[in-house]
Amino acid sequence: MYTTFPSAAGRTPWEFKERLIQEAKWAEAAGIRGMLVYSDNTLLDPWAAAQLLIENTVRFVPLVAVNPVYMHPFSVARMISSIGFLQERQVDLNYVIGGFSRHLRELGCGLDHDRRYDRLTEYVEIVQQLLDGDRPVSYDGEFYQLDHATVTPPLEPALKPGVFVSGTSEACRTAQQRLGATRLSYPREIGEYGEGKPLADGGFRLGIIARDTAEEAWAVAHARFPSDPLGEEVHEIAAETVESQWHLSLSRDAFQSHAPKDTYWLYPFRAYKTFCPYLVGTYEQVGKLLARYLALGVSTLILDVVTEEADLHHSMRALRHAQGETA
């Protein structure tokens, strides 16, 4: 389980650093593995943010979003080996292709959606081979070429990163299977999924608001995400420029209806206050729905940005109910 990197908007550098460190320490104390750190043209550099997280925690693991448009694969491998050597700490990697066409154009990337996954597959293979470190790496791909490249100092095997790939498209699934990665996405309403384990080797990002009673949970939910017509308009405009299939699918669901479906709630996403659905209800209600998602093959959960420390304890209590359901 991971949490999500908070926004720096409206905060001074000092305020933001204090808040980020505080949230990381809350999560670490709650037994959560680490924190997802986003990457796009408008955000802080994720590696600088990851360094701050590592310096202010004991075991916390940054889950760094990596997009090929920003950095050569050799640089990623060297960054990880350097952190491992200097800090003796682990970094997990969430490989992404970028979902906003404007951001890609700004950086001169003209590849279409599926071709970006082809490039990403080569990229991840190179990073993994460099970090294995047992021999120099030569690679003759369509997008990247290496000639006996070696990353030093070599990474300790115990510090090798967990590997995730984000997306829901067939191109993403193909990349995931070839790379042996965990595929991250966002949960649709549970009825959208079939039998068996359609989400095997998968992970979800979601928000949880769980309390002793459903009335209390929904009161908190509506206080945090009140009706916002302007946010809804912004979402509609943004959806026209997005290429990510998960975003488009979730947007279609939210545009059709963002009313609660039992504990599943899309309004925070519909109002563009966050990029994930929420599960709202009693600990038992949320736990039962989480158990159904876990039964579909979900192995990783990424919680939305923490509002207060108690949120983590409420979420972990709901998760314990889910684990009881699946035991």
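For the chain, what size does the Cα cloud have along each of its three principal axes, sorted from largest down, in whole Å?
For the chain, the Cα extents along the three principal axes come out at 62, 45, 41 Å.
For the Cα atoms of the chain, what angle does the longest principal axis make with the long axis of helix 46-55, in degrees from 0 to 90, nearest 10?
80 degrees
Quick check for me: using +1 on Lys/Arg Cβ and -1 on Asp/Glu Cβ, what's the dipole size of the range 22-89 about its Cα centre, in debye to the nearest 20?
180 debye
Give, in nm to one decimal, the length gained when the segment between LYS197 and ARG320 is fully stretched (0.36 nm per residue of separation minus the Cα-Cα distance).
Fully extending the segment from LYS197 to ARG320 adds 42.2 nm.
Work out the charge dipole of the range 1-157 with +1 on the Cβ of Lys and Arg and -1 on the Cβ of Asp and Glu about the Cα centre, then indicate which of LEU44, VAL151, TRP14 is farthest towards its positive end.
Working it through, the farthest residue towards the positive pole turns out to be TRP14.
Using only alpha-carbon positions, what ratio does the radius of gyration of the range 129-172 give when scaled by 2.2 N^0.38 Å?
1.47
Using a 7 Å offset from the Cα along the Cα-to-Cβ direction at both GLU15 and GLU156, what is the distance between the two label points in nm, to one decimal?
3.9 nm
Would you work out which of GLN256, LEU301, VAL286 lies farthest towards the positive end of the dipole of the range 251-311, given +1 charges on the beta-carbon of Lys and Arg and -1 on that of Asp and Glu, about the Cα centre?
GLN256
By how many degrees, 0 to 90 and rounded to 10, does the Cα axis of helix 214-224 deviate from the longest principal axis of the chain?
60 degrees
If I ignore ligands, DNA and RNA and count only protein heavy atoms, how much of TYR144 is accessible to a 1.4 Å probe, in Å² to the nearest 10?
Estimated to the nearest 10 Å², TYR144 gives 30 Å².
Compute the Cα gyration tensor for the range 252-307, then decide on rounded, prolate or oblate, letting a ≥ b ≥ c be the square roots of its eigenvalues: rounded whenever a/c is under 1.5, prolate when a/b is larger than b/c in the other cases, and oblate in all that remain.
Judged from the Cα gyration tensor, the range 252-307 comes out prolate (a/c at least 1.5, a/b above b/c).
Shape verdict for the range 1-90, please, from the Cα gyration tensor: rounded (a/c under 1.5), prolate (a/b greater than b/c) or oblate.
In terms of gyration-tensor shape, oblate.
Determine the sum of side-chain charges near ASN56: Lys and Arg each +1, Asp and Glu each -1, restricted to other residues whose C-beta is under 11 angstrom from that of ASN56.
Result for the neighbourhood of ASN56: -2.
Between GLU232 and GLU55, how high is the FRET efficiency from 1/(1 + (r/R0)^6) when r is the Cβ-Cβ distance and R₀ = 41 Å? Nearest 0.05.
0.55
Using Cα atoms only, what is the angle between the long axis of helix 13-29 and the major principal axis of the chain, expressed in degrees (0 to 90) to the nearest 10?
Between the helix axis and the principal axis of the chain, the angle is about 80 degrees.
Rounded to two decimals, what is the ratio between the C-alpha radius of gyration of the range 141-261 and 2.2 N^0.38 Å?
Rounded to two decimals, the normalised Rg is 1.47.
Placing +1 at every Lys and Arg Cβ and -1 at every Asp and Glu Cβ, with all other atoms neutral, what dipole size does the chain have around its Cα centre, in debye to the nearest 20?
So the dipole magnitude of the chain works out to roughly 360 debye.
Assuming a viscosity of 1.306 mPa s and a temperature of 10 °C, what translational diffusion coefficient in µm² per second does Stokes-Einstein assign to the range 177-327, Rh being the Kirkwood radius over Cα pairs?
100 µm²/s
Take the Cβ-Cβ distance between LEU43 and ARG135 as r, set R0 to 41 Å, and report the resulting FRET efficiency rounded to the nearest 0.05.
Between LEU43 and ARG135 the formula returns 0.70.
I need the peptides 207-216, 150-159 ranked by packing, meaning the mean over residues of other C-beta atoms within 10 angstrom, with the highest value on top.
Result, highest mean Cβ count within 10 Å first: 207-216, 150-159.
Roughly how many debye, to the nearest 20, is the charge dipole of the range 125-181 about its Cα centre, given +1 on each Lys and Arg Cβ, -1 on each Asp and Glu Cβ, and no other charges?
220 debye
Give me the base-10 log of I(q)/I(0) for the range 214-265 at each q in 0.15, 0.25 Å⁻¹, Debye formula, one uniform scatterer per Cα, rounded to two decimals.
Each listed q corresponds, in turn, to -0.51, -1.06.
Please work out, to two decimal places, the log10 of the ratio I(q)/I(0) at q = 0.25, 0.31, 0.32 Å⁻¹ from a Debye calculation in which every Cα of the range 1-49 carries one identical scatterer.
-1.01, -1.26, -1.28
Taking the Cα centre of the chain as the origin and placing charges on Cβ (Lys, Arg +1; Asp, Glu -1), which of THR121, ALA214, CYS276 is farthest toward the positive end of the dipole?
My answer, from the dipole projection, is ALA214.
For a protection proxy built on the mean count of beta-carbon atoms within 10 angstrom, sort 36-49, 225-238 highest first, please.
Averaged packing, sorted descending, gives the order 36-49, 225-238.
What is the packing order of peptides 59-67, 21-29, taking the mean over residues of other C-beta atoms within 10 Å and listing the highest first?
Ranking, from highest mean packing down: 59-67, 21-29.
Can you work out the FRET efficiency for the pair ASP212 and ALA259, with r the C-beta to C-beta distance and R0 = 25 Å, to the nearest 0.05?
0.60
Which of rounded, prolate or oblate describes the range 24-179 when judged by the alpha-carbon gyration tensor and an a/c cut-off of 1.5?
It is oblate, given that a/c is not under 1.5 and a/b is not larger than b/c.
Given the -39500 (n - 2.57) contribution per DSSP H run of 4+ residues, what per-residue ellipticity at 222 nm results for the chain, rounded to the nearest 500 deg cm²/dmol?
-14000 deg cm²/dmol
The values are calculated or read from the model by the stated rules, or taken from the named source; none is laboratory data. Remember, predicted model here, so these are calculated numbers, not experimental data. Glycine gets a Cβ as well: all are built from the backbone with ideal geometry, and neighbour counts include every protein chain shown. Surface areas here come from the heavy atoms of the whole protein model, side chains and all, with no ligands, DNA or RNA. Shrake-Rupley method; radii C 1.70, N 1.55, O 1.52, S 1.80 Å.
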